[in-house]
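Colleague: Here's a structure for you.
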Amino acid sequence: MATADRDRWNARYRDEPPAQEPSPFVVGLAPLLPPRGRALDAAGGGGRHAIWLARRGLDVTLADVSEVALAIAAERARREGLGLQTVQVDLEAAPLPPGPWDVVVCACFLHRPLLAALAEALAPGGLLAVAHATRTNLERHPRPGPSHVLEDGELPSLVRGLDVLSYEEGWLESGRHEARLVARRPRAVAYPGDSTSS
């Protein structure tokens with residue numbers, strides 16, 4: 001992501017207060033979340049999902065390109081007495097914060113190679129949740145633009161090697177046509193006599 005893009009996001013977060021409530025999609029993950037562990041909110045902006053995950057007792061890292069967004073999230077966490085790590089990183093060019101992660105959320109950000117990297121960064125049994133607009137969304141909304149949407153039906157192919165727990169695609173309560181996927185990394189299976197299981 002070019003410096004101009006980072007500056008654009010910084011300006012947007014200065015001018016428009018970010019949403020504070022987590023999306024219904026992320027709230028719906030509650031029954032699947034571990035009681036403790038490490039969580040990554042990738043390209044999480046002002047931290048609405050990171051804060052929600054931290055409230056649930058997870059050790060959360062929020063990664064985003066905008067230092068303005070990260071400062072907003074850090075201040076919210078401080079006011080609530082929550083621990084939250086923030087990392088300024090261009091997720092289109094730089095490596096992920098080091099895992100493994102027990103939970104990864106990536107909502108409303110699309111960089112196809114990132115999705116494969118997120119899947120690989122999961123701990124065994126780790127949970128990945130992804131939500132993003134599809135091309136059909138352009139029928140009603142100009143943004144995200146044509147180069148920043150998923151093709152219809154594309155999302156499952158971008159996170160291979162995981163067990164898909166749920167997948168939906170359509171006009172959802174957000175008012176957008178979105179693809180939403182929740183998947184889990186398989187746990188290693190120990191077989192009798194397998195020396196690696198001891």
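The values are calculated or read from the model by the stated rules, or taken from the named source; none is laboratory data. What you see is a predicted model; the values in this text were computed from it and never measured. Cβ placement follows ideal geometry from the backbone for every residue including glycine, while neighbour counts extend to all protein chains displayed. Heads up: the accessible areas ignore ligands, DNA and RNA and are worked out on the full protein's heavy atoms, side chains in. Shrake-Rupley method; radii C 1.70, N 1.55, O 1.52, S 1.80 Å.
Colleague: Looking for whichever is surrounded by fewer than 17 Cβ atoms within 10 Å (Cβ to Cβ), at pLDDT below 95 and over 14 Å from ALA179 (Cα atoms) here; the options are PRO113, PRO124. Which one fits? Don't jump to the end; show me each part of the working.
Modeller: Values: PRO124 fails: at pLDDT below 95.
Of the residues listed, the single one that is surrounded by fewer than 17 Cβ atoms within 10 Å (Cβ to Cβ), at pLDDT below 95 and over 14 Å from ALA179 (Cα atoms) is PRO113.
Colleague: On the basis of being on the phi < 0 side of the Ramachandran plot and surrounded by fewer than 18 Cβ atoms within 10 Å (Cβ to Cβ), does GLU178 make the cut?
Modeller: Details: on the phi < 0 side of the Ramachandran plot: yes; surrounded by fewer than 18 Cβ atoms within 10 Å (Cβ to Cβ): no.
In short, no.
Colleague: Do the conditions hold for SER197, that is, is it in contact with a Phe, Trp or Tyr (Cβ under 9 Å, 6 or more places away or on another chain), open to solvent by 50 Å² or more (accessible area, probe 1.4 Å), at pLDDT below 95 and not aromatic (Phe, Trp, Tyr)?
Modeller: Details: in contact with a Phe, Trp or Tyr (Cβ under 9 Å, 6 or more places away or on another chain): yes; open to solvent by 50 Å² or more (accessible area, probe 1.4 Å): yes; at pLDDT below 95: yes; not aromatic (Phe, Trp, Tyr): yes.
Considered against the rule, which asks whether it is in contact with a Phe, Trp or Tyr (Cβ under 9 Å, 6 or more places away or on another chain), open to solvent by 50 Å² or more (accessible area, probe 1.4 Å), at pLDDT below 95 and not aromatic (Phe, Trp, Tyr), SER197 comes out as yes.
Colleague: Kindly provide the set of residues from the range 77-87 that are touching a strand residue (DSSP E or B) at 6+ places or on another chain (Cβ under 9 Å) and modelled with pLDDT of 95 or more, ordered by number. Steps first, answer last, please.
Modeller: The initial filter retains those residues of the range 77-87 that are touching a strand residue (DSSP E or B) at 6+ places or on another chain (Cβ under 9 Å), namely 77-78, 82-87.
ALA77, ARG78, LEU82, LEU84, GLN85, THR86, VAL87, listed by residue number.
Colleague: Would you kindly identify the strands (runs of 3 or more DSSP E) lying entirely within the range 1-102 that contain at least 3 residues that are open to solvent by less than 30 Å² (accessible area, probe 1.4 Å), within 21 Å of VAL182 (Cα to Cα) and among the hydrophobic types (A, V, I, L, M, F, W, C)? Before the answer, list the steps.
Modeller: Details: elements: 38-42, 59-64, 84-88.
Output list reads 38-42, 59-64.
Colleague: Tell me, which residue of the range 130-172 that is in contact (Cβ under 8 Å) with a residue 40 or more places away in the chain and either touching a Gly at 6+ places or on another chain (Cβ under 8 Å) or in a strand (DSSP E or B) (or both) is most open to solvent (accessible area, probe 1.4 Å)?
Modeller: LEU165
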